[in-house]
Amino acid sequence: MYVTAVKADGYKNLKNVMITPHPEYNLITGMNAQGKTNLLEAIWLMTGCRSFRGSKDRDYICLDKNIMELGMSFYDGRRTQKIEYAMSRENIKDKKIKLNGVPIKGTNGLFDSFKAVVFTPDDTELIKGGPEKRRSFVDLCCCQLNGRCLDSVRRYDLLLNHRNVLLKSIAAGKASRDSVYVWDQQLAAIGTFVSGKRHEYIKKLNKACSELYSRITGGREELTVSYNSNIFGGNPPEENEGNDAVAKYYMKLSDSVEDDIRLGYTLWGAHRDDLIVKINGLNIREFGSQGQKKTAALVMKLGQAEIYSKNNDETPVILLDDVMGELDESRQALVFDIVKNMQVFITACNENAVKGLSQGAVFRVEKGEVTQY
Ligand SMILES: Nc1ncnc2c1ncn2[C@@H]1O[C@H](COP(=O)(O)OP(=O)(O)OP(=O)(O)O)[C@@H](O)[C@H]1O
Ligand SMILES: [Mg+2]
């Protein structure tokens with residue numbers, strides 16, 4: 001999959017941007033605060049996901065403007081598709097999105113169409129941050145592979161919220177204890193499904209990441225990624241163990257109802273799962289160096305790209321924000337080698353910071369305007 005054209009106007013500081021990227025390497029350069037990351041973000045929005053910097057919808061629009069308009073064409077391996085994405089300050093919630101000229105409701109249609117993997121310096125939070133970062137990463141990866149997961153993940157969150165509200169009502173004497181069991185049956189079924197999908201994915205991720213990490217460190221270090229399910233521990237259910245697993249999940253929920261009512265939230269479930277990343281057998285979160293954490297986070301993203309490519313007939317587009325400068329030349333060369341069959345967009349302040357880029361397009365960003373070389 002590769003992007004053939006990008007247009008952006010009024011997205012943050014981007015002005016009248018119109019570029020035709022190279023199918024392989026694209027280097028985005030410029031001084032600090034000129035709009036390089038904004039350009040990557042504009043491309044990322046076309047995946048239907050929210051800003052990878054956590055910007056709120058209203059902050060997508062340039063402070064001096066009332067509308068923002070984005071457009072992108074991409075080749076998905078079979079045909080060229082076109083996305084138009086606009087928003088106005090008057091009605092932030094009402095995003096005007098068109099896929100191949102046809103208006104679509106919400107961003108789900110984009111999520112199914114355009115696939116990208118992004119790596120930013122903040123991604124070290126995948127290693128350093130709390131379990132929720134790792135869970136959302138795995139959930140996004142699962143959803144990218146299998147659209148059905150998206151509904152399940154959303155439904156799980158919804159059911160969990162309902163259950164938590166109900167627990168508080170029970171504590172306040174406004175609802176009966178019996179009402180919680182209906183929710184528990186649904187939560188157990190969907191939670192088991194989510195855990196199973198995460199487990200399936202993490203097994204693939206472990207294989208991909210340990211190979212990639214070993215390549216990047218010249219075989220000196222071994223990286224492992226494993227799943228720690230809050231309900232099932234290190235051995236979550238395989239697909240065919242469905243019913244027993246759901247029963248086990250349900251029992252955990254029922255056994256903890258009294259505690260949950262007292263606390264006002266659900267103690268057990270898929271919302272407490274974690275992903276354990278180790279180097280040479282030691283948990284990297286506690287024992288890893290800065291460089292190891294950064295490399296491990298990058299490898300997880302490259303692993304995501306590799307798994308997607310293996311499961312589909314096409315590769316995702318790779319967006320790398322400020323990554324190369326901090327890697328030494330041999331690691332840079334390996335990263336280029338790993339992504340060599342994919343379209344890559346790389347930002348760097350200094351053109352020379354990216355060694356090994358012998359071909360492709362260079363874009364210079366200055367005050368939100370982009371010049372193509
Ligand atoms: N809603 C907005 N309206 C106008 N300008 C904005 C908006 N949001 C961010 N900006 C501007 O965008 C610029 C930052 O862009 P960006 O983060 O893409 O820079 P960058 O080129 O990646 O810089 P660095 O090299 O430091 O990472 C800042 O000048 C900021 O003021
Ligand atoms: Mg930046």
Among (1) buried (at least 17 other Cβ atoms within 10 Å of the Cβ); (2) at pLDDT 80 or above; (3) in a loop (DSSP other than H, G, I, E, B), there is one condition residue 319 misses while meeting the rest; what is its number?
(3)
Of those in segment 51-72 that are farther than 21 Å from residue 106 by Cβ and in contact with a strand residue (DSSP E or B) (Cβ under 9 Å, 6 or more places away or on another chain), the residue nearest to ligand 2 (Cβ to nearest atom) is 62
Output the number of residues of segment 229-247 satisfying the condition of being surrounded by fewer than 16 Cβ atoms within 10 Å (Cβ to Cβ) and either in contact with a Lys or Arg (Cβ under 8 Å, 6 or more places away or on another chain) or at negative phi (or both).
10
Just one of the numbered conditions (1) surrounded by 17 or more Cβ atoms within 10 Å (Cβ to Cβ); (2) in a helix (DSSP H, G or I); (3) within 24 Å of the chain's Cα centre (by Cα) is not true of residue 215; which one?
(1)
Does segment 99-119 contain any residue that is at pLDDT 95 or above, within 23 Å of residue 324 (Cβ to Cβ) and within 16 Å of ligand 2 (Cβ to nearest atom)?
yes
Within segment 11-21, take every residue that is farther than 13 Å from residue 45 by Cβ and part of a loop (DSSP other than H, G, I, E, B) and give me the one that is nearest to ligand 2 (Cβ to nearest atom).
13
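So that you can scan it fast, the table gives a plain yes or no per residue for (1) surrounded by fewer than 22 Cβ atoms within 10 Å (Cβ to Cβ); (2) in the same structural domain as residue 147 (by TED's automatic domain parsing):
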{"residue": "266", "(1), (2)": "no, yes"}
{"residue": "278", "(1), (2)": "yes, yes"}
{"residue": "293", "(1), (2)": "yes, no"}
{"residue": "328", "(1), (2)": "yes, no"}
{"residue": "336", "(1), (2)": "yes, no"}
{"residue": "343", "(1), (2)": "no, no"}
{"residue": "348", "(1), (2)": "yes, no"}
{"residue": "361", "(1), (2)": "yes, no"}
{"residue": "367", "(1), (2)": "yes, no"}
When every residue in segment 1-42 that is surrounded by fewer than 24 Cβ atoms within 10 Å (Cβ to Cβ) and among the hydroxyl-bearing types (Ser, Thr, Tyr) is compared, the one nearest to ligand 1 (Cβ to nearest atom) is 37
Looking at 294, 310, 301, can you tell me which residue is assigned to a helix (DSSP H, G or I), of a type in the set (D, E, K, R), within 28 Å of residue 6 (Cβ to Cβ) and touching a strand residue (DSSP E or B) at 6+ places or on another chain (Cβ under 6 Å)?
301
Residues of segment 71-100 satisfying the condition of being among the basic types (Lys, Arg) and either surrounded by 14 or more Cβ atoms within 10 Å (Cβ to Cβ) or touching a residue at least 12 places away in the same chain (Cβ under 8 Å) (or both)
82, 89, 93, 95, 96, 98
Over segment 43-70, the set of residues more than 11 Å from ligand 1 (Cβ to nearest atom), crowded, with 16+ Cβ neighbours inside 10 Å and in a loop (DSSP other than H, G, I, E, B) is 46, 47, 48, 49, 52
How many residues of segment 298-325 are within 16 Å of ligand 2 (Cβ to nearest atom) and without any contact (Cβ under 8 Å) to a residue 60 or more places away in the chain? The answer is 2
Tell me the residue from 32, 38 that is in a helix (DSSP H, G or I) and either under 21 Å from the mean Cα position of the chain (by Cα) or within 16 Å of ligand 2 (Cβ to nearest atom) (or both), please.
38
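The values are calculated or read from the model by the stated rules, or taken from the named source; none is laboratory data. Note that the structure is predicted; figures quoted are calculated from it, not measured. Here the Cβ is made from the backbone with ideal geometry for all residues, glycine too, and neighbour counts use every protein chain on show.
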